[in-house]
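Novice: This is the structure I want to talk about, given as structure tokens.
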Amino acid sequence: MSFRLFWHISFIALIACNCSRYYHNRIIEPVLNMDDVSEIQKEVDDIFILLTYSLVFRDWQAGSVPRQERRGYNIGALLVNAQNEPVYYGLNCINSTDNATQHGEVRAITQYLEKARSFNLSGHTLYTTLEPCVMCAGMITMTAVKRVVFGQNDVEYSKAFERLAIDTRPIGGFPPYPRRVIAQASSISFREELDEAYNNFLESNDEKILAIFLVSDEARSIFEKALNSFKNYEVEFEENRNIYESALQFFNEN
């Protein structure tokens, strides 16, 4: 390779690298930035994500049961109002309904809106055991949910909210969707355990299907530990004691 050709290739590579960094900073980075959450709010989030795990575990769909006889995937969602009161939850029911739209988030949102005769969910937070897909992210966005906290990162179907929020106008694309929902992975240890276990599953399992992981003994064990943690939770901030008690009451009455 001649020096001149080498120089041209190096120059082009440098430009490409700088362009990539420039557009990453302008397009990608803004949708990844999140405001810090207070320690008190983190505890509120821990309480409600534990409640969500517990609601799913209570109706655990075992892998030994034929798929067509299961309710659906071991995924669920919990709605919490602006007063930090749990108001409704939904479980994935795609098998029992034979309807691919019947995700836990969809069921929680549509059934609660029907019950409450409310137009939207302004001020509400949605807790989900799995990062929402684009279908659910769209519904969450259109119903004005304030915030989403999820208890496991998806891989193939991840970053739906970020994709809606991305602004590609600097490269001749489109503006972000008009509404922005803040979606954050829970900071709780069980989310980290699920993420690690799922990544290990993807590396070792030939089918690499999320539903198979979510009926595994390892996933079940993590959800069970979350349930035990929820039932024996020790509140750190006194202002959150009533929130935990209302969460425990919700679990026992629903």
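Each reported figure results from applying straightforward, stated rules to the coordinates on display, with no laboratory input. As the structure is a prediction and not an experimental result, all values here were calculated from the model. Every residue, glycine among them, receives a Cβ derived from its backbone with ideal geometry; neighbour counts consider all protein chains shown.
Novice: I'd like to know which of 221, 166, 155 lies farthest towards the positive end of the charge dipole of the chain, counting +1 on Cβ of Lys and Arg and -1 on Cβ of Asp and Glu.
Specialist: Selected residue: 166.
Novice: Once you wrap a convex hull around the alpha carbon atoms of region 182-234, what is its projected area averaged over all directions, in nm²? Provide the component values of the computation, followed by the final result.
Specialist: Numbers: hull surface 18.5 nm².
The number I arrive at for region 182-234 is 4.6 nm².
Novice: Need the full-extension length gain, residue 157 to residue 81, defined as separation in residues times 0.36 nm minus the C-alpha distance. One decimal, nm.
Specialist: Numbers: separation 76, 0.36 × 76 = 27.36 nm, distance 2.69 nm.
Stretched out fully, the residue 157 to residue 81 stretch lengthens by 24.7 nm.
Novice: Over the C-alpha atoms of region 51-132, what are the Rg and the largest Cα-to-Cα span, Dmax, in Å?
Specialist: Answer for region 51-132, Rg first and Dmax second: 13.1, 41 Å.
Novice: Which FRET efficiency, nearest 0.05, do residue 237 and residue 118 yield, Cβ-Cβ r, R0 30 Å? Show your work: numbers first, answer last.
Specialist: Working: r = 30 Å, r/R0 = 0.99.
Using R0 = 30 Å, I get an efficiency of 0.50.
Novice: Another question, if that's okay. Consider the candidate values [x] 1.16; [y] 1.09; [z] 0.95; state which one is Cα Rg over 2.2 N^0.38 Å computed from the structure displayed.
Specialist: So the calculated entry is the one marked [x].
Novice: Taking a cut-off of 20 Å, what percent of all Cα-Cα pairs in region 92-184 are separated by more than that?
Specialist: Details: 1658 of 4278 pairs.
Percentage above 20 Å: 39.
Novice: Using the Kirkwood formula on the Cα atoms of region 131-192, what hydrodynamic radius do you get, in angstrom to one decimal?
Specialist: Values: mean 1/r = 0.0805 Å⁻¹.
Value: 12.4 Å, from the Cα pair sum.
Novice: Between residue 98 and residue 144, what length in nm is gained on full extension when 0.36 nm per residue of separation is reduced by their alpha carbon distance? Kindly include the intermediate steps, with their values, before the conclusion.
Specialist: Values: separation 46, 0.36 × 46 = 16.56 nm, distance 2.79 nm.
Computed gain between residue 98 and residue 144 is 13.8 nm.
Novice: In whole Å, how far is the Cα centre of region 177-225 from that of region 156-172?
Specialist: If we compute the Cα centre of each part, the gap is 22 Å.
Novice: Listed here are the pairs 146/231; 42/159; 115/225; which of them are more than 29 Å apart at the Cα?
Specialist: Table pairs above 29 Å Cα-Cα are 115/225.
Novice: Oh, and also: Could you give the dipole magnitude of the chain about its Cα centre, charging the beta-carbon of Lys and Arg +1 and that of Asp and Glu -1, in debye to the nearest 20?
Specialist: Working: 24 positive and 34 negative charges, 236 e Å.
Using Cβ point charges on Lys, Arg, Asp and Glu, the chain gives about 1140 debye.
Novice: Starting from 0.36 nm per residue, how many nanometres of slack lie between residue 110 and residue 37 once their C-alpha separation is accounted for? Walk me through the intermediate numbers first.
Specialist: Working: separation 73, 0.36 × 73 = 26.28 nm, distance 2.84 nm.
Computed gain between residue 110 and residue 37 is 23.4 nm.
Novice: Moving on to the next point. Can you tell me the dipole magnitude for region 149-250 around its Cα centre, using point charges on the Cβ only (Lys, Arg +1; Asp, Glu -1), in Debye to the nearest 20?
Specialist: Details: 11 positive and 19 negative charges, 129 e Å.
In total the dipole reaches around 620 debye.
Novice: Per the helix-only calculation at 222 nm, which mean residue ellipticity applies to the chain, given -39500 (n - 2.57) for every DSSP H run of n ≥ 4 and division by its residues, nearest 500 deg cm²/dmol? Walk me through the numbers before you get to the answer.
Specialist: Numbers: 10 runs with 121 residues, N = 254.
For the chain, the value works out to -15000 deg cm²/dmol.
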